[in-house]
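What follows is a short report on a single structure.
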Amino acid sequence: MLQVDIGSLKLNSPFIMASGILGVSGSTLAKAHHAGAGAVVSKSLGPETREGYMNPSVIELFPDTFLNAVGLANPGIDEFAGEVAFAKKEGATVILSVFGGELGEYGEMAAKAEEMGADAVELNISCPHAHVSCIGADATLTDEVIRIVKAKTSLPVIAKLNPNVTDIVEIARTAEKAGADAVTAINTVRGMAIDIDAKCPVLANKSGGLSGKLLKPIAVKVVYDLYEALQIPIIGCGGIFDWRDAAEFFLAGAIAVEVGSALWRGFDLFGELANGMKKYLKNNNFSQLSEITGLAHRGATQL
Ligand SMILES: Cc1cc2nc3c(=O)[nH]c(=O)nc-3n(C[C@H](O)[C@H](O)[C@H](O)COP(=O)(O)O)c2cc1C
């Protein structure tokens, strides 16, 4: 009932663990898989170890809404090979999130991901508090990076989109034309919080990316717009805390969704999302999730 195909990637569940929240080791990737995640995305990995920014790097702004500037802290892709092997041995479908210091390095990261046995790569061209966001903010660079990566790997390539742009649909169309197999929409939205007593920004990096509840309406609107423009699958992401949130994304046009901030509450969420969606489909006389993909576009009220 909930099986989905993202290009050649076949998933038993449309609920995917998003990059960066808990995908920092093979054991957490495997835990998410055993809890029912259809696939798990690793923390974004680059060519070498990166310590990231000083603390505070993650703060809760409002209940279930966060601002983070972790700064792509990661052990480097080579150090992660054992973690991928462990997660794969446990049966997980592993999507490796990768980035590079320059465009060519994205190709090298994707080739390494394939050698390591990953099932797909997600290109982080969108983290709002790191240099990579400038790629996802520029159609020419987006085109180039995807072509480079496609030439280096036969794995499905997913472009994770940057919402901090004037026209995200244009960037997504460019990604599709360049050969992306799917897009993830969206990464975090740029934001800042200021401590009025200390009279300075709260995050050590000053600004960061907004995630969680407040991101959902922004992300749903992006997915809705992309559905009208793209042929390739759209993976929704942003503020999913329960099956009702997920249903909004499916009705807007996503064929799968990634869950990030809500995982602070634990991995049981994957089972709850699947059970809730199955009941929703049954109560509405649908037999497959695919029957509701983009349904909100039929007869929808134009704003
Ligand atoms: C602490 C933290 C770290 C993140 N690290 C990454 C990352 O390494 N790569 C990436 O593509 N996205 C990263 N993200 C963004 C999430 O994958 C996701 O796109 C975003 O948080 C929106 O989903 P959510 O509202 O369900 O959290 C991170 C988000 C948070 C909160």
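General observations
- Within the range 205-214, the set of residues being in a strand (DSSP E or B) and basic (Lys, Arg) comprises just one member, Lys206.
- Of residues in the range 6-18 being open to solvent by 20 Å² or more (accessible area, probe 1.4 Å) and closer than 16 Å to Leu155 by Cβ, the one nearest to the ligand (Cβ to nearest atom): Gly7
- Subset of the range 220-244 (residues that are part of a loop (DSSP other than H, G, I, E, B), of a type in the set (A, V, I, L, M) and within 12 Å of the ligand (Cβ to nearest atom)): Ile240
- Residues in the range 212-232 that are under 25 Å from Ile21 (Cβ atoms) and open to solvent by less than 20 Å² (accessible area, probe 1.4 Å): Gly212, Leu215, Ala219, Val222, Val223, Leu226.
- Cβ-Cβ contacts under 9 Å between residues 6 or more apart (or on different chains), taken from a first residue in the range 258-275 that is touching a residue at least 40 places away in the same chain (Cβ under 8 Å) and outside any helix (DSSP H, G or I) to a second residue that is hydroxyl-bearing (Ser, Thr, Tyr) and surrounded by fewer than 23 Cβ atoms within 10 Å (Cβ to Cβ), are listed as Phe267/Thr28.
- Per-region count, the range 190-204, residues open to solvent by 100 Å² or more (accessible area, probe 1.4 Å) and in a loop (DSSP other than H, G, I, E, B): 3
- Taking every residue in the range 190-201 that is at negative phi and pairing it with any residue that is open to solvent by 100 Å² or more (accessible area, probe 1.4 Å) and of a type outside the set (Ser, Thr, Tyr), at least 6 positions away or on another chain, the pairs with Cβ-Cβ distances below 6 Å are Pro201/Met192; Pro201/Ile194.
Conditions tested, residue by residue: (1) at positive phi; (2) among the aromatic types (Phe, Trp, Tyr); (3) open to solvent by 60 Å² or more (accessible area, probe 1.4 Å).
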residue	(1), (2), (3)
Lys43	no, no, no
Glu48	no, no, yes
Ser57	no, no, no
Gly76	yes, no, no
Glu83	no, no, yes
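The values are calculated or read from the model by the stated rules, or taken from the named source; none is laboratory data. Values in this document were obtained by computation on a predicted structure and should not be read as measured data. As a convention, Cβ positions derive from the backbone with ideal geometry for all residues, glycine included, and neighbour counts pool all protein chains shown. Heads up: the accessible areas ignore ligands, DNA and RNA and are worked out on the full protein's heavy atoms, side chains in. Shrake-Rupley method; radii C 1.70, N 1.55, O 1.52, S 1.80 Å.
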